[in-house]
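What follows is a set of notes on a single structure, which appears directly below.
The values are calculated or read from the model by the stated rules, or taken from the named source; none is laboratory data. Every value quoted in this text rests on a predicted model; they were computed, and no experiment measured them. Virtual Cβ from ideal backbone geometry, glycine too; neighbours counted across all protein chains shown. What goes into the accessible areas is simple: the full protein's heavy atoms, side chains included, and nothing from ligands, DNA or RNA. Shrake-Rupley method; radii C 1.70, N 1.55, O 1.52, S 1.80 Å.
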Amino acid sequence: QVQLVESGGGLVQAGGSLRLSCARSGRTFSSYAMGWFRQAPGKEREFVARIKWSGGNTYYADSVKGRFTISRDNAKNTLYLQMNSLKPEDTAVYYCASTTILGITTQTNDYSYWGQGTQVTVSS
């Protein structure tokens, strides 16, 4: 089992920044890669970004490329999502998730463990 706990969400004005954190514990050796997803009201959960835990290779959705940065701190066993130049359309519940798949994975079904989510609201 892998436990994931997100934090750092909140209310921010358009153009502002937030940094989300995801603390992981448990059988972390089985988490080859981690990802961030988001789900807006009435919409399906969508991929945001992914990072390979060993090596740090990253991959982003086109909608956030250049504005969001995914990173991890091995010593703290924590995943981050730095979000800059936020837009109202970024409003959603953000989830971190872990996967044992080494290739680039953007589908929710490829991720085994999920956090509880943290709300991000961007006002115009």
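Summary table
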item	result
1.4 Å probe accessible area per residue over the chain, in Å²	51
Relative intensity, log₁₀ I(q)/I(0), of the chain from a Debye sum that treats every alpha carbon as a point, q = 0.14, 0.20, 0.22 Å⁻¹	-0.52, -1.08, -1.31
Non-local Lys pairs in the chain, i.e. 8 or more apart or on different chains, that have alpha carbons under 24 Å apart	5
Net charge, residue 22 excluded, C-beta distance under 14 Å - Lys, Arg +1, Asp, Glu -1	+4
Carbon and sulfur %, accessible surface of the chain computed with the full protein complex present, 1.4 Å	46
Spin-label pair residue 28/residue 106, simplified geometry with 7 Å Cα→Cβ offset, distance in nm	2.9
Length-normalised contact order of the chain in % [C-alpha pairs under 8 Å, at least 6 apart]	36
